[in-house]
Amino acid sequence: MVAFKYFNFFSDSVVAIFNFFDLSVNSFTYEVLLPIGVSFYTFQAISYIVDVYKLRAKPILSFLDFALYLSFFPQVIAGPIERVNRFYPQLKGKLMPTYEQFKEGFFLFTIGLFQKVMIGDACGRIVDTIFFDLKHYTSFEILSASLLFTFQIYADFAGYSNMARGIGLFFGVQLSQNFKQPYFSRNIQEFWRTWHISLSTWLKDYLYIPLGGSRKGKIRGFINILIVMLLGGLWHGASWNFVVWSAYHAIALVLFQVFKPKIKFNYISITLTFLFVSLGWVLFRLNSLEQFESYIIQMKSLTVGPFYLRFLKMIVSFGSVLFLIDWFQRRFNSDAFLIHFKSQSLAFGIALSLFLVCIIYISIKKPYPFIYFQF
C-alpha cells in the first residue's frame with residue numbers, strides 16, 4: 001500500500017523541502033494504477049495478522065477461505081473493515097439467507113441506493129461544478145457548495161455501506177454497521193465514534209492502544225491522538241489536504257479531552273458539532289493549497305448573487321431528506337428502518353418506489369463514482 005499510494009507523495013515532499021533550502025534535487029515519481037480497495041483490504045489483512053499473532057483468533061488454514069475473507073465482494077472496495085472473529089465464521093456456512101435477512105437486505109440496499117443516487121450524486125454535481133473554478137462564483141454559492149459537500153460525502157459513503165450490508169445479507173452475511181447518525185453527534189469525540197466506525201475502531205485497537213493510549217499520562221495520550229489522526233488522514237490519500245484535515249480534527253479531539261465542554265441543550269451542541277465538521281470537510285474537498293487560497297479570497301468578498309434562493313432551496317431539500325432518513329434510523333435503532341414498520345406492505349411499497357425512482361434517475365443522469373473508491 002505504501003508503494004502504490006505514498007511513494008510519489010513522499011518523493012515530492014522531500015524535493016520541496018530541499019528546494020526550500022535552495023538545494024537542487026530531481027524529483028522521481030512513477031505512474032501506476034492504484035489497486036481498487038487497497039487501503040481497506042490491507043487494513044483487514046493487518047488486523048488478521050495481529051489477531052492471529054496475539055492468539056486472539058485462530059489462523060484460517062484454507063487459502064481459498066482466506067482469499068474469501070479478504071475479498072468478499074460487497075465490502076472489498078470500500079469496507080466495512082471486518083475482523084476475522086466476527087466475519088470469518090459467517091463465511092464458513094452455505095451463504096444462504098433467511099427470508100428475514102433477504103427482506104432486511106433489500107430494505108438496506110434500497111435505502112443506501114437512494115442515499116447515494118438521489119442525495120450524494122445530486123449534491124455532487126453542484127459541488128463539482130462550483131469547486132472546479134471557485135473564481136466564477138459568489139461567496140454564498142461557495143458556502144452553499146461546502147454545505148452540500150457535507151451532505152454528499154455522508155450520503156455517498158453511508159449509502160455505499162448500506163448497499164454493501166444489504167448485498168451481504170442476500171448471502172446471509174451480516175456486515176458491520178459503519179455509520180450511526182454521525183451528524184447528530186453532540187461533540188467531536190462522539191462524531192468519530194459514529195463516523196466510519198470500522199476505521200475508527202481499527203485505528204483505536206491496532207494503533208492508539210498499542211502506542212499506549214492514555215495509560216502513560218495525558219500528554220502522551222494527546223500525542224498518540226495526533227499520531228493516529230494524522231496516519232488516519234494519510235490513509236485517505238497521499239495529499240496535504242488530508243494531512244491538514246486530520247490535524248484539524250486531532251487538535252479538536254485534544255482540546256475536547258482537555259476542556260470537556262458541556263452544553264446544556266443538545267440541539268445547540270449538535271448544531272455546533274455539525275458546523276465544525278462541515279468546515280473540516282472543506283479542507284477534505286480542496287485539492288491544493290492554491291485552491292484553498294482561492295476559496296479564502298472568494299469567501300472574503302461576502303457576495304450573494306442572484307441565485308441565493310435556489311441554493312437555499314437545495315440545502316433545505318437535501319438536508320431535510322438526509323435528516324429524515326437519519327431520524328428514522330435513530331428512531332428504530334436500525335439502518336433498515338423499514339423492516340420495523342407495522343405495515344410491511346407499506347414498507348415494501350416505499351422501498352420499491354425508492355428503487356424505481358433511483359433506476360429512472362440513473363437512466364437519465366450518469367452515476368457518479370463512489371468517493372471512497374479512490375481510497
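The values are calculated or read from the model by the stated rules, or taken from the named source; none is laboratory data. Here the structure is a predicted model, which means the values were calculated and not measured. For neighbour counting, all protein chains shown are included, and Cβ atoms are generated from backbone atoms with ideal geometry for every residue, glycine included.
Here is how the numbers come out for the structure above:
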item: Test: residue in segment 9-27 that is hydroxyl-bearing (Ser, Thr, Tyr), assigned to a loop (DSSP other than H, G, I, E, B) and modelled with pLDDT of 90 or more; result: no
item: Options Phe191, Phe170, Phe149: the member that is among the aromatic types (Phe, Trp, Tyr), assigned by TED's automatic domain parsing to the domain that holds Arg330, touching a residue at least 40 places away in the same chain (Cβ under 8 Å) and surrounded by 22 or more Cβ atoms within 10 Å (Cβ to Cβ); result: Phe149
item: Exclusive hit being modelled with pLDDT under 80 and buried (at least 20 other Cβ atoms within 10 Å of the Cβ), set Gly93, Gly79, Gly105; result: Gly79
item: Qualifying residue in segment 295-305 (condition: within 26 Å of Gly159 (Cα to Cα), more than 18 Å from the chain's Cα centre (by Cα) and not charged (D, E, K, R)); result: no
item: Pair list, Cβ < 7 Å and 6+ apart or interchain, from segment 216-240 residues that are farther than 24 Å from Arg285 by Cβ to residues that are among the hydroxyl-bearing types (Ser, Thr, Tyr) and modelled with pLDDT under 90; result: Gly221/Ser214
item: Pairs where the first residue, in segment 249-271, is touching a residue at least 24 places away in the same chain (Cβ under 8 Å) and surrounded by 10 or more Cβ atoms within 10 Å (Cβ to Cβ) and the second is among the β-branched types (Val, Ile, Thr) and assigned to a helix (DSSP H, G or I), C-beta under 7 Å, 6+ apart; result: His249/Ile188; Ala250/Ile225; Ala252/Ile188; Leu253/Ile188; Leu253/Ile225; Val254/Ile225; Phe256/Ile188
item: Number of positions in segment 221-233 that are surrounded by fewer than 16 Cβ atoms within 10 Å (Cβ to Cβ) and under 21 Å from Pro182 (Cβ atoms); result: 1
item: Some residue of segment 317-337 being in contact with a Ser or Thr (Cβ under 7 Å, 6 or more places away or on another chain) and in a helix (DSSP H, G or I); result: no
item: Matching residues, segment 164-217, being under 18 Å from Ser47 (Cα atoms) and among the aromatic types (Phe, Trp, Tyr); result: Trp202, Tyr206, Tyr208
item: Residue count, segment 201-222 (criterion: in a helix (DSSP H, G or I) and more than 24 Å from the chain's Cα centre (by Cα)); result: 4
item: Verdict on Leu175 being in contact (Cβ under 8 Å) with a residue 24 or more places away in the chain, touching a helix residue (DSSP H, G or I) at 6+ places or on another chain (Cβ under 8 Å) and within 30 Å of Leu61 (Cβ to Cβ); result: yes
item: Residue within segment 245-253 that is over 19 Å from the mean Cα position of the chain (by Cα) and outside the structural domain of Leu113 (by TED's automatic domain parsing) present; result: yes
item: Residue among Leu338, Leu322, Leu354, Leu302 that is in contact with a helix residue (DSSP H, G or I) (Cβ under 7 Å, 6 or more places away or on another chain), touching a residue at least 12 places away in the same chain (Cβ under 8 Å), farther than 30 Å from Gly105 by Cα and not charged (D, E, K, R); result: Leu302
item: Of all residues making up segment 272-304, the number that are farther than 13 Å from Thr150 by Cβ, surrounded by 14 or more Cβ atoms within 10 Å (Cβ to Cβ) and of a type in the set (A, V, I, L, M, F, W, C); result: 4
item: Candidate set: segment 163-185, residues that are part of a helix (DSSP H, G or I) and under 16 Å from Leu324 (Cα atoms); chosen: the one nearest to the chain's Cα centre (by Cα); result: Pro182
item: Candidate set from segment 98-148 (those that are of a type in the set (Val, Ile, Thr) and not in a helix (DSSP H, G or I)); member that is farthest from the chain's Cα centre (by Cα); result: Thr98
